[in-house]
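Down below is the structure, laid out as structure tokens.
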Amino acid sequence: MANENSKRVLEDSLRDAGVIWKSEYPYFVHPLSDGIPRMEPQVLRAVRDLIVDSVQWDRVDLMVGPEAMALPLLAVLGEAVNKPWVVIRKRPYGLASETEAQASTGYSESALYINDVMPGERLLVIDDVISTGGTLESLLTALTERGSVLEDVVAVIEKGDGRERLHRRYPGWPLRSLVRIEIIDGRVQVCS
């Protein structure tokens, strides 16, 4: 019952999301993906509860996710399950163990910098949205090349075919999402 309520809260928040266009790319604006408009606490709690209830926590050593929007998710999850977390940054720090991963999304190109993730660590990777899959593909490839073990990969929101494309290309990656959406006629539609 709690998961059904949490799922409804997340889905209802997405139905109210605005849509803008970046070149030819429809982009929804939601507090989980953009930090605007303001985040209502029940939405963050709903996402936390859905993830907490669906992960095998005894198999996770460390949680990671790309900045910026993985930050609130990692913070509430870390507090809820008492697990450490590391943010994958968009700028280099020059630490000895730093790894760079080039990321390409539907509307931009960037670099991600991985620090303080050790070979053999079992990871839960959290991301706010998977659309094209470009960011996650770069990140997960770099993590596995470092010797990390992908125990679970959760994108809160799935839009587009990126998750399916990655499943076909990397069938061993445990990639899933909490909710799938499409943008139809300039509005967010939640898919069942």
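The values are calculated or read from the model by the stated rules, or taken from the named source; none is laboratory data. Keep in mind the model is a prediction, meaning the values are calculated, not measured. Positions of Cβ are generated from backbone atoms using ideal geometry, with glycine treated the same way; all protein chains shown enter the neighbour counts.
Table for the structure above
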{"read-out": "Residues (within 27 Å of ASN5 (Cα to Cα) and either of a type in the set (Gly, Ala, Ser) or assigned to a loop (DSSP other than H, G, I, E, B) (or both)) located in the range 59-108", "value": "VAL60, GLY65, ALA68, MET69, ALA70, ALA75, GLY78, ALA80, ASN82, LYS83"}
{"read-out": "Within the range 152-187, considering residues that are among the small types (Gly, Ala, Ser) and touching a strand residue (DSSP E or B) at 6+ places or on another chain (Cβ under 7 Å), the one nearest to PRO66 (Cα to Cα)", "value": "ALA155"}
{"read-out": "Residue among ARG45, ARG38 that alone is farther than 22 Å from GLU109 by Cα, surrounded by 14 or more Cβ atoms within 10 Å (Cβ to Cβ) and not hydroxyl-bearing (Ser, Thr, Tyr)", "value": "ARG45"}
{"read-out": "Number of positions in the range 114-143 that are on the phi < 0 side of the Ramachandran plot, part of a loop (DSSP other than H, G, I, E, B) and either more than 12 Å from the chain's Cα centre (by Cα) or surrounded by fewer than 20 Cβ atoms within 10 Å (Cβ to Cβ) (or both)", "value": "6"}
{"read-out": "Selected residue (criterion: nearest to THR144 (Cα to Cα)) from residues of the range 70-117 that are among the aliphatic types (A, V, I, L, M) and without any contact (Cβ under 8 Å) to a residue 12 or more places away in the chain", "value": "ALA96"}
{"read-out": "Sole residue being of a type in the set (S, T, N, Q), touching a residue at least 24 places away in the same chain (Cβ under 8 Å) and more than 28 Å from LYS83 (Cα to Cα), chosen from THR132, THR141", "value": "THR132"}
{"read-out": "Among residues of the range 144-173, those that are in a loop (DSSP other than H, G, I, E, B) and in contact with a Ser or Thr (Cβ under 7 Å, 6 or more places away or on another chain), counted", "value": "2"}
{"read-out": "Candidate set: the range 79-113, residues that are of a type in the set (S, T, N, Q) and touching a Leu at 6+ places or on another chain (Cβ under 9 Å); chosen: the one surrounded by the most Cβ atoms within 10 Å (Cβ to Cβ)", "value": "THR99"}
{"read-out": "LEU74 being in contact with a Phe, Trp or Tyr (Cβ under 7 Å, 6 or more places away or on another chain) and at pLDDT 95 or above", "value": "yes"}
{"read-out": "Residue match in the range 115-123 (condition: closer than 19 Å to LEU143 by Cα and among the small types (Gly, Ala, Ser))", "value": "yes"}
{"read-out": "Unique residue being of a type outside the set (Lys, Arg), in contact with a strand residue (DSSP E or B) (Cβ under 7 Å, 6 or more places away or on another chain), surrounded by fewer than 19 Cβ atoms within 10 Å (Cβ to Cβ) and more than 29 Å from SER13 (Cα to Cα) when the list is VAL190, VAL149", "value": "VAL149"}
{"read-out": "Check on VAL64, under 24 Å from THR144 (Cα atoms), in contact with a helix residue (DSSP H, G or I) (Cβ under 9 Å, 6 or more places away or on another chain) and not charged (D, E, K, R)", "value": "yes"}
